[in-house]
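Since the structure comes first, as structure tokens, the remarks are kept for the end.
Just so you know, all these numbers are worked out from the coordinates, no wet-lab data involved. Just so it is clear, the model here is predicted, and its values are computed rather than measured. Neighbour counts are summed over all protein chains in view; Cβ atoms, including those assigned to glycine, are modelled from backbone coordinates with ideal geometry.
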Amino acid sequence: MTLAAAAMADRIPLIDLAAQRARIGPAIDAAVARVHAHGQYILGPEVAALESALAAFVGAGHCVTCANGTDALVLALKALGIGPGDGVIVPAFTFIATAEAVVLAGGVPVFADVRPATFDLDPSGLGPAIAAARAAGVRARAVIPVDLFGLPADYDAIADAAPGLAIVGDAAQSLGGARSGRSAGTLAPVTTTSFFPTKPLGCYGDGGAIFTDDADAAQVLRSLRSHGAGTSKYDNVRIGTNSRLDTLQAAILLEKLKVLPDELAARRSIAGRYAAGLGNWVGCPVVPEGAESAWALYTVQSDRRAAIAAAAAANGVATAIYYSVPLHCQPAYRGYPRASARLAVAERLGDTVLSLPMHPYLSPDAQDRVIAVVGDAAG
Ligand SMILES: *Cc1c(COP(=O)(O)O)cnc(C)c1O
């Protein structure tokens with residue numbers, strides 16, 4: 001067997017859900033069996049139990065689960081009264097759902113640039129974004145900072161830069177992260193997350209949640225996720241939708257939440273080793289003082305990205321590009337306002353970012369192999 005063939009036999013995936021299942025599979029299967037025994041597949045007891053556990057985990061007053069992270073954003077925007085004609089500022093470098101949810105809620109996404117080392121929304125772009133919206137006949141009413149790759153955005157600076165805007169946090173990638181001593185999920189008045197299988201806390205399908213300290217907002221969110229229900233299921237006081245988290249997924253998430261702190265610690269330690277081993281060769285992600293990333297992804301930057309990705313592939317190391325095309329350059333989104341003609345950082349990141357294997361069960365040997373392959377190709 002050649003060296004490359006040996007490496008392929010022992011492929012290192014970007015994310016390894018099977019390794020997690022090998023650890024807690026029996027507990028999850030028992031939790032699923034309990035749901036089958038009681039049969040309450042919609043809004044069964046596990047859903048309320050999960051909402052309490054998640055609210056306690058992040059330190060939020062209320063958690064309202066829903067069908068997925070995209071719906072969580074749409075529901076949050078609707079609960080804030082964002083509707084037709086309202087501008088919502090979003091970063092140009094994020095997953096498409098952040099902007100898509102604005103359009104689904106009836107609003108107008110307004111794109112702004114991100115910061116180069118931390119990938120988060122640049123507060124200095126908010127003023128220009130508000131002006132660009134106004135020039136397009138749109139009143140900016142809200143902003144969605146995104147906790148990209150696990151690092152919470154700079155919410156305090158964003159609130160200072162645009163005090164008139166409502167803030168919805170997109171914490172789809174950051175459960176377990178923190179900034180300024182506050183947990184992801186509590187950094188904005190309303191914060192959403194996703195339980196897509198590969199997120200730091202993922203289920204075995206789609207799921208999402210919204211956090212808030214505002215009891216009235218939580219009640220509106222519960223109504224919106226269940227057809228705008230009022231005091232009873234067949235009393236409909238607003239236009240809602242069907243966006244509930246399945247009881248089966250809640251049962252699975254309750255088991256996964258138990259090991260999340262341990263998994264976050266493992267991710268942190270891997271990120272530390274990557275930074276020590278790769279810092280001289282590629283741009284490693286920066287975690288600002290007082291912040292904690294959940295390390296959903298470990299994303300480096302390099303002008304030699306193509307060579308690194310090719311070498312990794314040849315050596316059985318999976319890599320991926322999140323995200324190659326910024327949102328304001330996507331065909332369906334090109335027509336919306338943006339803070340400036342070019343969003344230079346987002347556009348450059350599209351050409352240079354590369355995500356490396358990152359999951360709690362990545363062995364020290366595998367970490368060393370990633371470091372060796374990437375360092376070699378980058379040097
Ligand atoms: C995953 C993700 C979403 C959407 O979550 P889904 O559950 O897939 O709908 C939204 N925003 C960001 C930043 C994401 O990474």
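Within the stretch 73-85, track down each residue that is crowded, with 22+ Cβ neighbours inside 10 Å and either within 13 Å of the ligand (Cβ to nearest atom) or free of Cβ contacts under 8 Å to residues at least 60 places away in the same chain (or both).
Scanning the stretch 73-85 gives LEU73, VAL74, LEU75, ALA76, LEU77.
Please go through the stretch 33-70 and pick out each residue that is within 16 Å of the ligand (Cβ to nearest atom), of a type in the set (S, T, N, Q) and over 18 Å from the mean Cα position of the chain (by Cα).
Of everything in the stretch 33-70, nothing turns out to be within 16 Å of the ligand (Cβ to nearest atom), of a type in the set (S, T, N, Q) and over 18 Å from the mean Cα position of the chain (by Cα).
Would you point out the residue of the stretch 191-211, among those that are hydroxyl-bearing (Ser, Thr, Tyr) and surrounded by 23 or more Cβ atoms within 10 Å (Cβ to Cβ), that is farthest from the ligand (Cβ to nearest atom)?
THR191
Might you check whether a residue that is in contact with a His (Cβ under 8 Å, 6 or more places away or on another chain), within 16 Å of the ligand (Cβ to nearest atom) and part of a loop (DSSP other than H, G, I, E, B) occurs anywhere in the stretch 213-221?
No, because not a single residue in the stretch 213-221 is in contact with a His (Cβ under 8 Å, 6 or more places away or on another chain), within 16 Å of the ligand (Cβ to nearest atom) and part of a loop (DSSP other than H, G, I, E, B).
Starting from residues that are in contact with a strand residue (DSSP E or B) (Cβ under 7 Å, 6 or more places away or on another chain), within 11 Å of the ligand (Cβ to nearest atom) and hydrophobic (A, V, I, L, M, F, W, C), keep the ones in the stretch 86-114 and report whichever is farthest from GLY177 (Cα to Cα).
That would be ALA99.
(1) farther than 25 Å from THR247 by Cβ; (2) within 11 Å of the ligand (Cβ to nearest atom); (3) polar (S, T, N, Q): which one isn't true of THR186, the others all being true?
Tallying (1) farther than 25 Å from THR247 by Cβ; (2) within 11 Å of the ligand (Cβ to nearest atom); (3) polar (S, T, N, Q), THR186 fails exactly one: (2).
Look at the stretch 326-379 and say how many of its residues are among the acidic types (Asp, Glu) and surrounded by 20 or more Cβ atoms within 10 Å (Cβ to Cβ).
0
Residues of the stretch 310-347 being in contact with an Asp or Glu (Cβ under 6 Å, 6 or more places away or on another chain) and more than 27 Å from MET358 (Cα to Cα), which ones?
The answer is LEU343, and nothing else.
Limited to the stretch 269-307, what total is found for residues that are β-branched (Val, Ile, Thr) and either free of Cβ contacts under 8 Å to residues at least 24 places away in the same chain or part of a helix (DSSP H, G or I) (or both)? Step through it out loud before you land on a result.
As a first pass, look at the stretch 269-307 and keep what is β-branched (Val, Ile, Thr): 270, 282, 286-287, 299-300.
Those still in the list that are either free of Cβ contacts under 8 Å to residues at least 24 places away in the same chain or part of a helix (DSSP H, G or I) (or both) too: 270.
Within the stretch 269-307, residues that are β-branched (Val, Ile, Thr) and either free of Cβ contacts under 8 Å to residues at least 24 places away in the same chain or part of a helix (DSSP H, G or I) (or both) number 1.
Working only within the stretch 155-186, note down all residues that are on the phi > 0 side of the Ramachandran plot and in contact with a strand residue (DSSP E or B) (Cβ under 6 Å, 6 or more places away or on another chain).
If the condition is that a residue be on the phi > 0 side of the Ramachandran plot and in contact with a strand residue (DSSP E or B) (Cβ under 6 Å, 6 or more places away or on another chain), then GLY185 is the only one that fits.
Please find, within the stretch 328-367, the residue that is nearest to TRP295 (Cα to Cα) out of those that are in contact with a strand residue (DSSP E or B) (Cβ under 6 Å, 6 or more places away or on another chain) and assigned to a helix (DSSP H, G or I).
Out of the qualifying residues, it is ALA366.
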